[in-house]
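Visitor: This is the structure, below, for whatever I ask next.
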Amino acid sequence: MNAAGQRTLLTGNQAVAWAVRLCRPQVIPVYPITPQTPILEQISAFSAAGEMTAEILTPESEHSAIAASIAASLTGARVFTATSSQGLLLMHELLHWAAGVRSAVVMCNVNRTVASPWGFWPDQTDSLAQRDTGWIQWYTESAQESLDAVIMAFRLAEGVNLPVMICHDAFYVSHALETVIVPGQAAVDRFLPAYSPRFNIDPAAARSVGSNVDQTTYRRARKDIGAAMTEAGVMTDAIAAEWSGLTGRDQHGAVEIYRCEDAEQVFVTMGSLCGTVREAVDSLRGQGHRIGLLKVRQFRPFPGDQLRGLLRGRERVMVLDRNYSPGNGGILHQEARAALYGMQGQPAVLGYLAGVGGVNVTPADLVRMAIESGPVGQDDNKFTSVWL
């Protein structure tokens, strides 16, 4: 395989496993859960064939998997794990620990509905419910983007000493086959050198990790996490640009825009729904509507400054959420409204609950929504999201 990479057919989950193999992790604790399980299966197949040397752990639960991930990371190992839905919820307590002790774990979460009622369909509520844990969060649209994101995530996690969660939608990405360019090992090795942590647990050097502290020390630790998040926001675009130079493929950082150069209206969304929106934008452009797409890839740290710069002066922003926070509407809608509030040239902001629970959203649905919304009026900027 040359540096430019090799084209092959992969599902989103297989693409993640290929990226993990190329990143040479040393420890991989994973508990299987639908629809994440194929990631573990593909990694296990690589290991059985002698193509990976990582220690693969299959503990009794997702809680134990993230506990093992944190411990291994603190010894200086490069660590990967994966989960979905209820598994991520079971990890919740230790997600705070992972960020608090500044571990550099990389996780792939396959976005799936959370119980009850029970379901297995794409919905981003599982990971968005973890937005305050201190994890960097990226949302990917395709198998290719998931592969590239995992590689870049290790570089970012190890650069700022914060864990990174790569999220892609169940089935639309996780199980859908598409052409993926798998980069050569030499290119990944140049981009991602061996992990050399700033600090790690060492029996020869006594160190306390996660112990009781006074109020001032705790406050300082939280401020340090915030500073690392700010640094991550800057590094993301630089890392993407470097990876683009190595692969020859366009890589986008925290956000990506499509046909926004003269757009009066802009869709804003995350994940696999972006492909549907592109189709709708093309159709609306063909009908003479000046409309575009702003895709949010990095949800944490939230790219508020970039949204303000890119959306200033637009007439209307239509935020599409494949998630639902009962009593508050769409989570991305609320974050975008807060980021845009009070700025000069603030657009009207509408929120739509689109694809919640995995309900299919077609380009025609979005075309109709955009046309029926009519001219900007006093009902735009509603606090609550409406069901599409």
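Bear in mind that the values in this text are calculations on the coordinates, not laboratory data. Bear in mind that the values here come from a model prediction, so they are computed numbers and not experimental data. Heads up, the Cβs are rebuilt from the backbone with ideal geometry, glycines too, and the neighbour counts pull from every protein chain shown.
Visitor: Just from the alpha-carbon atoms, what are the Rg and Dmax of the stretch 119-270 in angstroms?
Guide: Every Cα atom of the stretch 119-270 included, Rg and Dmax give 18.4, 62 Å.
Visitor: Please compute the Kirkwood hydrodynamic radius of the chain from all pairs of different C-alpha atoms, in Å with one decimal.
Guide: About 21.3 Å, per the Kirkwood formula over Cα pairs.
Visitor: Taking loop as defined by DSSP and a crowding limit of 12 other beta carbons within 10 Å, which GluC sites (Glu not before Pro) in the stretch 16-87 fit?
Guide: Passing sites in the stretch 16-87 are 51, 60.
Visitor: Moving on to the next point. Taking the Cα centroid of the stretch 92-157 and of the stretch 283-326, what is the distance between the two, rounded to the nearest whole Å?
Guide: One Cα centre to the other: 21 Å.
Visitor: Right, something else. Per DSSP H run of n ≥ 4, the term is -39500 (n - 2.57); total these for the chain, divide by its residue number, and report the mean residue ellipticity at 222 nm rounded to 500 deg cm²/dmol.
Guide: Helix-only estimate at 222 nm: -12500 deg cm²/dmol.
Visitor: Let me ask another. If each Cα of the stretch 229-305 is one equal point scatterer, what is log10 of I(q)/I(0) from the Debye formula at q = 0.16, 0.18, 0.21, 0.24 Å⁻¹?
Guide: Here the Debye-derived log intensity ratios amount to -0.66, -0.79, -0.96, -1.07.
Visitor: Right, here's the next one. I'd like the Karplus ³J(HN,Hα) series for the stretch 291-303: coefficients 6.51, -1.76, 1.60, θ = phi - 60°, whole numbers in Hz, and an x wherever there's a Gly or Pro.
Guide: Working through the residues one at a time gives 9, x, 10, 10, 9, 8, 8, 9, 7, 9, x, 6, x Hz.
Visitor: Taking a ≥ b ≥ c as the square roots of the Cα gyration tensor eigenvalues, with a/c under 1.5 meaning rounded and otherwise prolate when a/b beats b/c, else oblate, which class fits the stretch 17-114?
Guide: Cα axes put the stretch 17-114 in the oblate bin.
Visitor: How big is the shadow of the Cα convex hull of the stretch 233-362, averaged over all directions, in nm²?
Guide: Seen from a random direction, the Cα hull of the stretch 233-362 projects 8.7 nm² on average.
Visitor: May I ask you to derive the relative contact order of the chain, considering only C-alpha pairs under 8 Å and at least 6 residues apart, and to give it as an integer percent?
Guide: Once normalised by length, the contact order is 16 percent.
Visitor: Give me D for the stretch 68-126 in µm² s⁻¹, whole number, from Stokes-Einstein with Rh from the Kirkwood sum over alpha-carbon pairs, 25 °C and 0.890 mPa s.
Guide: Working: Rh = 12.3 Å.
Translational diffusion coefficient: 200 µm²/s.
Visitor: Given Cα pairs under 8 Å that are at least 6 residues apart, what percent is the relative contact order of the stretch 39-145?
Guide: Over the stretch 39-145, the number comes to 21 percent.
Visitor: From the Cα trace of the stretch 83-175, what convex hull volume per residue do you get, rounded to a whole Å³? Present the calculation step by step, with values, prior to reporting the outcome.
Guide: Details: hull volume 6.8 nm³, N = 93.
Hull volume normalised by residue count: 74 Å³.
Visitor: Expressed as an acute angle from 0 to 90° and rounded to the nearest 10, what is the orientation of the C-alpha long axis of helix 143-160 relative to the principal long axis of the chain?
Guide: Around 60 degrees separate the two axes.
Visitor: Then there's this: Residues with amide H under 5 Å of residue 57's amide H, sequence separation 5 or more or different chain, H placed in the peptide plane at 1.01 Å from N; which?
Guide: 28, 30
Visitor: To the nearest 0.05, what FRET efficiency results for residue 360 and residue 204 with a Förster distance of 51 Å applied to their C-beta separation?
Guide: For residue 360 and residue 204, the calculated efficiency is 0.35.
Visitor: How high is the relative contact order of the stretch 255-387, given as a whole-number percent (alpha carbon pairs under 8 Å, six or more residues apart)?
Guide: 26 percent
Visitor: Here's something else I'd like to know. Compute the long axis of helix 331-340 from its Cα atoms, compare it with the longest principal axis of the Cα atoms of the chain, and write down the angle in degrees, 0 to 90, nearest 10.
Guide: 70 degrees
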